[in-house]
There are 2 protein chains.
Amino acid sequence: MKPLPQVLAFDVFGTVVDWHTSLVREIDAMDLGVSGDEFALAWRAQYGPAMQRVMSGELGWTLLDDLHRMVLDELLVRFRIRNLNEVQKRQLNRVWHRLDPWPDSVAGLTRLKSRFTICTLSNGNIGLLTNMAKRAGLPWDCILSAEVFRAYKPDPATYLGVARVFDLEPAQVMLVAAHHEDLAGARACGLQTAYIERPLEFGALRPKDVSPRSENDWHAANILALAEQLSYQ
Amino acid sequence: MKPLPQVLAFDVFGTVVDWHTSLVREIDAMDLGVSGDEFALAWRAQYGPAMQRVMSGELGWTLLDDLHRMVLDELLVRFRIRNLNEVQKRQLNRVWHRLDPWPDSVAGLTRLKSRFTICTLSNGNIGLLTNMAKRAGLPWDCILSAEVFRAYKPDPATYLGVARVFDLEPAQVMLVAAHHEDLAGARACGLQTAYIERPLEFGALRPKDVSPRSENDWHAANILALAEQLSYQ
């Protein structure tokens with residue numbers, strides 16, 4: 001058994017907050033004549049490619065808020081939504097600041113905070129993550145973001161950046177995430193890893209395979225269950 | 001009367017925490033054969049010149065923890081302290097992570113947090129500020145630092161950086177500080193300003209002139225008093 005880490009760095013979208021349900025609810029409430037479910041999935045699907053354009057150098061450094069807006073503008077054309085003015089588009093784009101936490105997130109983070117330093121390590125920008133935390137009551141000790149490191153996960157600069165910020169060895173930091181590719185990036189940098197099952201991340205119609213993989217140090221049904229597991233060590 | 005800001009950004013050393021008392025207590029407890037008061041003042045006095053070496057380009061980007069250590073090594077020679085090993089020097093250097101808040105700080109910040117987004121805007125590095133907040137119970141929504149902007153106050157990049165992070169106009173942000181030169185830097189960038197009296201920042205023997213200056217938007221005896229003033233607006 002490895003020694004416990006000192007810092008837990010959390011992926012946020014999907015791991016701590018339920019982006020799919022939150023987006024669908026807001027989009028459906030706007031009565032745009034489109035399926036909130038389809039629109040939400042399309043928006044999220046373009047997130048990786050948009051970041052890739054930054055990391056490849058095609059785009060200069062761009063905050064996630066601005067990438068979300070670029071994708072939104074494309075989707076409004078593709079879904080033939082023509083009746084939104086600029087204020088409404090800005091308001092819709094900020095739905096990513098208003099995502100609800102999974103039911104266990106606040107209680108789990110609060111419990112983990114009593115023993116560990118808990119921070120975000122998200123591709124979301126600092127303002128987005130701060131607004132989200134304030135609204136949802138997420139008790140972060142510190143908000144770290146791609147914006148601090150000017151690189152998007154899975155760039156090693158992000159994972160190693162957390163260790164450097166806290167003047168720790170990589171193995172003294174653990175990434176907590178619901179996505180194996182994120183955890184693989186962290187592991188390659190020497191961080192510990194904890195996988196969180198979020199089977200309904202993409203909605204109730206598309207359950208995700210959440211079976212354990214032996215390469216992760218921890219596997220938990222949710223954040224509260226992770227807190228429970230770590231408290232026995 | 002200007003509209004109230006949305007974000008309050010706080011200077012930390014001297015404004016939120018009492019560095020002088022905290023340093024004197026730890027240094028005196030180490031029994032180094034020097035005056036804790038003199039050593040603390042000398043350490044703090046070299047803070048500005050050390051940052052100046054970074055901002056002039058003489059030194060590359062350097063975190064405050066490392067600047068504190070450079071100054072500490074000089075002071076150990078100047079004060080003829082020869083009996084500290086490396087572990088003890090590292091431990092002493094981290095005294096800046098263990099500063100106690102002024103008696104009103106936690107209550108005042110907690111009250112302000114219910115109405116505003118509250119963040120640090122300090123020359124301290126992120127790890128230092130996070131460790132300090134966790135130990136002292138400072139309820140920041142977000143920790144912003146010279147480290148995020150790779151510039152030290154009073155560089156405009158720091159004040160304007162806060163507005164940019166939150167996608168606000170400078171006038172929608174207020175700097176709260178016990179130092180007029182910091183507030184002047186913020187005002188020059190268009191931020192609102194609040195001065196906090198900390199007459200004993202340099203110890204009981206050296207009371208500071210804390211008389212009001214008309215150029216600041218607000219003037220308060222302490223952070224709790226500022227919360228009280230803002231609640232009437």
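The calculated 222 nm mean residue ellipticity attributable to helices in chain A amounts to -13000 deg cm²/dmol, summing -39500 (n - 2.57) over DSSP H runs of n ≥ 4 and dividing by all residues.
Peptide B:127-135 has a mean shielding of 4, counted as Cβ atoms of other protein chains within 10 Å of each residue's Cβ.
So, in Å, what gap is there between the alpha-carbon centers of region A:131-189 and region B:122-197? Centre-to-centre distance over Cα atoms comes out at 23 Å.
What is the mean projected area of the alpha carbon convex hull for region A:19-97, to one decimal in square nanometres? Each step should come with its number before you reach the end.
Details: hull surface 20.2 nm².
Over all viewing directions, region A:19-97 projects a mean Cα-hull area of 5.0 nm².
One way to sum up the overall shape of chain B is the equivalent ellipsoid from its Cα gyration tensor, whose semi-axes run 30, 19, 16 Å, largest first.
Expressed per residue, the C-alpha convex hull volume of the protein assembly as shown stands at 161 Å³. Cysteines in chain B that lack a partner Cβ within the 4.7 Å cut-off: B:Cys189.
Under 5 Å from the amide H of A:Leu32 lies no amide H of any residue 5 or more positions distant or on a separate chain, with H modelled from the backbone and absent for Pro and chain starts.
For peptide B:60-67, how many partner chain Cβ atoms fall within 10 Å of a residue's Cβ, on average? It would help to have the intermediate numbers written out before the result.
Numbers: counts 0, 0, 0, 3, 0, 1, 1, 0.
Mean shielding count: 1.
Taking every lysine pair in chain A that is 8 or more places apart or spans two chains, those with Cα atoms closer than 25 Å amount to 7. For chain B, modelled as a Gaussian network with Cα springs under 10 Å, which listed residue fluctuates most, B:Leu32, B:Leu109, B:Leu160? Looking only at B:Leu32, B:Leu109, B:Leu160, the biggest GNM fluctuation is shown by B:Leu32. Near A:Gly190, once Lys and Arg are set to +1 and Asp and Glu to -1 for all other residues with Cβ below 13 Å from its Cβ, the sum equals +1.
Computed from the coordinates by the stated procedures, all read-outs in this text should not be read as laboratory data. Predicted model, so just to flag it, every value in this text is computed and none were measured. Quick reminder, even Gly has a Cβ in these numbers, built from the backbone with ideal geometry, and neighbours come from all protein chains shown.
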